[in-house]
Amino acid sequence: MKITIVFSKYPFSERSPVLPPILEYLAAQTLQADPSLEIELIDANKTPVNPDELNTDLVAISMMTVTAPWAYRFADECRLRGLRVVLGGIHPTILPGEAAGHADAVVVGEAESIWPELLCDAKAGKLKTIYWGRKMALDGIPVPIDSDLKRDYRFRAFFTMRGCPYSCRFCSVPGVYGKSIRYRPVQEVAAEIETRAGKVWFNGDDNIWGGDIKRNLALFGEIAQGTRKYWYGFGDLKTVQGDDGDRLLAAAGKSGLFSVMVGWESNSETGLRHFGAAGKQGSDRIEAIRRIQSHGIYVVLFIVIGGMYDDIDSFRRTLEIADTLNVGVHPILIMPLPGTDLFEEYRSCLLPGQGWEHFTGINAVFEHPDAQMTVFRREQEYHRLRRDLYSLGRIVRRISMIPLRGFPHSHFLSFMKEISMHREMKKAHQVWQEKYLHM
């Protein structure tokens with residue numbers, strides 16, 4: 001039996017330099033369950049895929065909310081050809097009934113627990129409509145295969161834990177993966193990174209240093225014992241303000257951490273309360289940023305903007321924060337995703353007739369009560385903010401402010417990452433302009 005595993009196509013111009021980890025992880029899981037199976041991996045963002053040209057027995061499609069419309073169309077076309085289709089990912093987990101209308105089987109939750117069963121059923125021609133995955137211990141996860149896809153990407157992504165104890169109202173992670181953190185064994189993670197990561201890799205954890213500090217210190221120490229590699233990921237601000245903050249940061253830096261994106265979330269206390277995100281900020285988040293920077297680690301703030309509590313000046317204030325703190329900023333126009341508390345709050349205000357492909361973080365998707373915050377004006381201010389944040393002058397100024405402790409890798413790698421954002425920002429702005437020219 002042959003299985004074609006497809007990563008769904010994004011609806012916007014920006015492309016990630018990270019190889020979608022689900023492809024190589026699920027391939028390894030498949031071969032562990034049944035080594036006789038033949039596997040084909042396709043990232044639809046890199047390789048055009050035509051259902052009429054597929055020669056396979058089962059099509060497994062991984063999808064997110066923003067890629068759901070493409071995934072459903074592709075799945076429908078595959079089924080018209082008589083191909084069996086399995087849908088999985090966060091979006092089908094949250095809306096399995098919707099997904100089931102486009103598939104022979106839907107995986108809800110984490111695939112590791114039920115994938116061998118699904119493969120057996122597929123071989124027997126007896127697929128169930130829904131496969132309910134369960135949260136399992138993360139021991140013994142097979143090392144992702146070393147596929148030919150790596151040549152099309154700059155980095156691979158790895159994960160070391162699942163779950164998040166915080167309850168940010170815009171985030172679906174606690175609902176999907178749980179509020180208790182489950183950890184992969186340190187030795188297994190370090191071995192995987194040693195054999196599969198290139199010189200630079202991405203840590204896909206929701207919080208690279210939160211939770212069990214002793215475990216994370218052990219992980220950073222083990223990674224540092226291997227071949228010198230450099231990495232970046234997501235972190236909170238609260239953890240590094242604790243007594244072990246500097247020790248944790250030093251260990252992370254020694255293991256190759258050159259940049260971290262931290263959840264600043266909102267510029268205002270009102271916004272933090274609205275998001276339920278104040279708990280992971282700690283008592284002094286500016287001090288936390290200064291502490292991270294002192295270890296030669298480049299800081300990028302994740303900021304959600306354009307919400308009900310924001311006004312038109314919130315875009316300007318975001319730029320001021322970047323300049324004052326010498327940090328990068330990754331701004332996101334608020335997108336209330338299904339499965340979150342925020343979605344239920346914003347449901348009545350969502351623009352009519354729009355599909356999931358608009359939930360990208362670069363589109364305004366709801367009516368704002370402030371007359372100045374029209375859909376067009378929010379998107380216009382968003383693109384202006386990104387243009388200013390990623391101007392060459394600002395990029396050079398920020399990188400030059402990284403302490404020498406991080407030289408040269410934090411400076412060089414962060415500069416390359418920022419330049420990539422500069423290029424993608426220009427593409428996204430052009431696409432946005434063309435959208436309004438054709439309206």
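Determine ³J(HN,Hα), in whole Hz, for all residues of the stretch 316-324 in sequence, where each value follows from phi through the Karplus function 6.51 cos²θ - 1.76 cosθ + 1.60 and θ = phi - 60°; x replaces Gly and Pro.
With coefficients 6.51, -1.76 and 1.60, one gets 5, 5, 5, 5, 5, 4, 4, 5, 5 Hz.
Among Asp104, Asp57, Asp206, determine the one that fluctuates most according to a GNM of the chain built with springs between C-alpha atoms less than 10 Å apart.
Asp57
If you plug each phi of the stretch 274-283 into the Karplus form 6.51 cos²θ - 1.76 cosθ + 1.60 with θ = phi - 60°, what whole-Hz ³J(HN,Hα) values come out, in order, with x for Gly and Pro?
Per-residue couplings from phi come out as 4, 7, x, 10, 5, x, 9, 8, x, 7 Hz.
Could you derive backbone 3J(HN,Hα) for the stretch 68-75 from the dihedral phi with the Karplus parameters 6.51, -1.76 and 1.60 (θ = phi - 60°), listing whole Hz in sequence and x where the residue is Gly or Pro?
Taking θ as phi minus 60°, the curve returns 4, x, 5, 4, 5, 4, 5, 4 Hz for the stretch 68-75.
In terms of modelled amide H atoms, which long-range or inter-chain residues lie less than 5 Å from the amide H of Tyr298?
For Tyr298, whose amide H was placed from the backbone, the distant partners under 5 Å are Ser259, Val260.
For the ranges 219-226, 126-133, what's the packing order if you count other beta-carbon atoms within 10 Å of each residue, average per peptide, and put the highest first? It would help to have the intermediate numbers written out before the result.
On the way: 219-226: 18.4, 126-133: 14.4.
Listed from highest to lowest mean packing, they are 219-226, 126-133.
Would you calculate the convex hull of the Cα atoms in the stretch 346-386 and tell me its volume per residue in Å³? If you can, show how the numbers build up before the last one.
Details: hull volume 3.1 nm³, N = 41.
With only Cα atoms used, the stretch 346-386 gives 76 Å³ per residue.
Take peptides 77-84, 348-355 and line them up by average Cβ neighbours within 10 Å, highest first, as a rough protection proxy.
77-84, 348-355
May I ask you to list the residues of the stretch 123-142 whose amide nitrogen lies under 17 Å from a point 7 Å from Cα along the Cα→beta-carbon direction of Lys2?
Within reach of a label on Lys2, which here means backbone N under 17 Å from a point 7 Å along Cα→Cβ, the stretch 123-142 contributes 123.
Values in this text are rule-based calculations from the coordinates and carry no lab data. Note that this is a predicted model, so its numbers are computed, not measured. Reconstructed Cβ throughout: ideal geometry from the backbone, glycine too, with neighbour counts over all protein chains shown.
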